[in-house]
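The values are calculated or read from the model by the stated rules, or taken from the named source; none is laboratory data. None of these values were measured; they are calculated from a predicted model. We place every Cβ from the backbone using ideal geometry, glycine too, and count neighbours over all the protein chains shown.
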Amino acid sequence: MNLDLFDSMIDMAFNRTVELHGATGTEVVCVRGRLWVVDQRQGGDRILRQGESCRLGSTGTARVMALEPSLMCAIEPSAQLRASRNGQGGRLADGRA
């Protein structure tokens, strides 16, 4: 599934999977629920809980699966930079910078 997910909130039902391609440096934020993120660059995976995030590696290819009903946001690097320049600080869902 290829979607234009950047800067969008994606409501994910249990077991829904979203694939991200060409998303180098993208920040995946778990706004609600639990997400399983498999980053192809690292050959590993991470579980994100509400308020946690991770940045995708150099290949920009990842699979995100909802382990329970979840809300996800994918923020592309240019949006992160714009937020920082506008003095918004680029804060994540849990308030971290």
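Okay, here's what the table says:
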| read-out | value |
| --- | --- |
| Residue within the range 39-57 that is hydrophobic (A, V, I, L, M, F, W, C) and at pLDDT below 70 present | no |
| Strands (runs of 3 or more DSSP E) wholly inside the range 21-64 containing at least 1 residues that are in contact (Cβ under 8 Å) with a residue 12 or more places away in the chain and closer than 17 Å to Asp11 by Cβ | 27-32, 34-39, 44-49 |
| Subset tally (residues that are in contact with a Phe, Trp or Tyr (Cβ under 8 Å, 6 or more places away or on another chain) and either of a type in the set (Asp, Glu) or farther than 14 Å from Val18 by Cβ (or both)) for the range 47-68 | 2 |
| Number of the condition not met by Gln80 [criteria: (1) modelled with pLDDT under 65; (2) among the polar types (S, T, N, Q); (3) more than 13 Å from the chain's Cα centre (by Cα)] | (3) |
